[in-house]
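Take a look at the structure set out below.
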Amino acid sequence: MVASTEDHGAPIGRRVVLGMLGLGAAGVVGGAPLVRAVGNFLRPLTANDPTGLSDLLPGAGAFRLYTVTSGFPIAPPAYRLVVDGLVDRPLSLSLADLEAMAPVHLVKPFQCVTGWRVPGVHWTGVALGHLLDLAGVAKAGRALRFESFDGVYTESLTLAQARRPDVVVAYRMLGAPLTREHGGPVRLYVAPMYGYKSIKWLQRISVVDRVEPGYWEHYGYAVDAWVGRSNGRSDPPIG
Ligand SMILES: Nc1nc2c(c(=O)[nH]1)N[C@H]1C(S)=C(S)[C@@H](COP(=O)(O)O)O[C@H]1N2
Ligand SMILES: [Mo]
């Protein structure tokens with residue numbers, strides 16, 4: 001058995017040792033019910049290593065490729081990004097529609113709450129606030145709910161968070177079109193927050209009347225996931 005440092009499944013900052021998983025629901029690690037770690041273990045995969053074992057090797061400054069399903073989903077042939085819910089004009093956008101809009105370029109670090117960080121990542125996309133302006137947020141709108149075409153992952157932002165200039169609906173990353181593994185054709189990039197807010201394989205953005213906690217947030221991660229100021233951390237924000 002090997003120890004993994006890729007743990008989104010226990011309360012923040014905890015490390016799960018795979019060999020302990022056999023203890024089952026009765027086990028307790030540092031006061032946290034182990035069942036949470038068992039049921040919600042973050043699964044690192046790589047494109048050419050479906051065992052994921054290469055992710056257990058040291059890889060400083062490198063992305064880990066994450067999915068909570070059994071693989072990396074493939075975009076539907078007629079991919080569309082839908083913006084709906086409490087809006088005046090629902091949108092259904094192709095990748096070409098997004099590429100035709102004014103681009104936003106960001107160079108920012110990407111920080112996963114489990115500890116790994118990639119500095120100086122190049123991103124290109126459309127300001128999320130611009131899409132909200134196009135759709136026209138209705139009076140009752142307070143927050144956004146994001147859905148992935150992996151069918152499982154969800155995320156959330158308040159409208160104020162969504163309108164920050166460093167929050168983009170990205171279609172390029174690392175100087176190239178977003179790869180399938182990184183969430184292509186389109187993912188969210190929320191620069192000031194931990195990586196779990198940056199939902200991959202983005203398919204739907206719905207304006208809703210309250211924040212609905214996203215996938216990892218059901219397991220104890222902060223809904224307001226500011227880097228350095230959430231999830232039990234008190235260090236100053238990075239980048
Ligand atoms: N759909 C989906 N989006 C996701 C995830 C996921 O498992 N599924 N993992 C999140 C987490 S925890 C991180 S750190 C980043 C990792 O991005 P990467 O896989 O491109 O490195 O994606 C986020 N977005
Ligand atoms: Mo993460």
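Summary table below
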| read-out | value |
| --- | --- |
| Checklist (1) open to solvent by less than 20 Å² (accessible area, probe 1.4 Å); (2) over 12 Å from the mean Cα position of the chain (by Cα) applied to PRO165, failing item | (1) |
| Enumeration of residues in region 99-117 that are within 13 Å of ligand 1 (Cβ to nearest atom), at pLDDT 95 or above and surrounded by fewer than 18 Cβ atoms within 10 Å (Cβ to Cβ) | PRO109 |
| Members of region 122-149 found to be buried (at least 17 other Cβ atoms within 10 Å of the Cβ) and either without any contact (Cβ under 8 Å) to a residue 24 or more places away in the chain or aliphatic (A, V, I, L, M) (or both), listed by number | VAL126, ALA127, LEU128, LEU131, LEU132, ALA135, VAL137, ALA143, LEU144 |
| Top-ranked residue in region 201-214 [being surrounded by fewer than 24 Cβ atoms within 10 Å (Cβ to Cβ) and assigned to a loop (DSSP other than H, G, I, E, B); ranked as farthest from ligand 2 (Cβ to nearest atom)] | ASP209 |
| Output for region 177-197, where each listed residue is of a type in the set (Phe, Trp, Tyr) and either more than 10 Å from ligand 1 (Cβ to nearest atom) or farther than 17 Å from GLU147 by Cβ (or both) | TYR194 |
| Failed item, numbered, when GLU181 is tested on (1) open to solvent by less than 20 Å² (accessible area, probe 1.4 Å); (2) within 16 Å of ligand 2 (Cβ to nearest atom) | (1) |
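The values are calculated or read from the model by the stated rules, or taken from the named source; none is laboratory data. This structure is a prediction, so every number in the text was calculated from the model and none was measured. Neighbour counts run over all protein chains shown; Cβ positions are idealised from the backbone, glycine included. For accessibility, only protein heavy atoms count, side chains too; no ligands or nucleic acids. Shrake-Rupley method; radii C 1.70, N 1.55, O 1.52, S 1.80 Å.
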